[in-house]
Amino acid sequence: MYTAVLLFHSWFRWIALILGIMTTLAAFTDRSAGRTTVDRWSLFFMMVLDIQMLLGLLLYLVLSPFTAEALKDFGAAMRDPALRYWAVEHVTLMLFAVVIVHVGRVLARTARTPQSKRTRQIVCFSLATIAMIAATPWPGMANGRPLFRV
């Protein structure tokens, strides 16, 4: 089960990253008022991040041997950079990305002017995408993982 969920979580990250970039770019280029393509992109972005979060929480709380070890002795895990990354850093930044996308969608819907809506979207979706890129375990990093798991 661990391998299957990890494989899906790993491949699904590409959809999340691509949607993050596309949504951010759409927010930068969209100048129309009312319901826009950014609203649709952001909905898909939010849905994919929610699925990623559920898969990640399943890994974090139930399936992952890394976090199981970290949760046994959290103090020792904080002294081990690899365990700390998986137990705290990765999950915190990714959770931040999920929350900021939800907040960005709400703030955009409650904006009074099209310009304030656009600004809110740009800020929130950019922050979320940057957080996702920063928290992804890229190859070559200390906690790096393969780009494509097979």
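The values are calculated or read from the model by the stated rules, or taken from the named source; none is laboratory data. A quick note: this is a predicted structure, and the numbers were derived from the prediction, not measured. We place every Cβ from the backbone using ideal geometry, glycine too, and count neighbours over all the protein chains shown.
Results, tabulated for the structure shown:
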read-out	value
Residue among R40, R79 that is within 30 Å of P114 (Cα to Cα) and not small (G, A, S)	R40
Residue check, G104 small (G, A, S) and either within 16 Å of I21 (Cα to Cα) or more than 17 Å from the chain's Cα centre (by Cα) (or both)	yes
Breaking point among (1) over 12 Å from the mean Cα position of the chain (by Cα); (2) at pLDDT 90 or above; (3) closer than 25 Å to P146 by Cα; (4) crowded, with 17+ Cβ neighbours inside 10 Å, for F8	(4)
Enumeration of residues in the stretch 27-45 that are small (G, A, S) and crowded, with 20+ Cβ neighbours inside 10 Å	A27, S42
Residues of the stretch 107-136 satisfying the condition of being farther than 17 Å from W41 by Cα, crowded, with 16+ Cβ neighbours inside 10 Å and not β-branched (V, I, T)	A131, A135
Subset of the stretch 107-129 (residues that are more than 14 Å from V38 (Cβ to Cβ) and of a type in the set (V, I, T))	T110, T113
Condition check for I122: in contact (Cβ under 8 Å) with a residue 24 or more places away in the chain, farther than 17 Å from A26 by Cα and of a type in the set (V, I, T)	no
Checking R149 against (1) loosely packed, with under 15 Cβ neighbours inside 10 Å; (2) assigned to a helix (DSSP H, G or I), the condition it does not meet	(2)
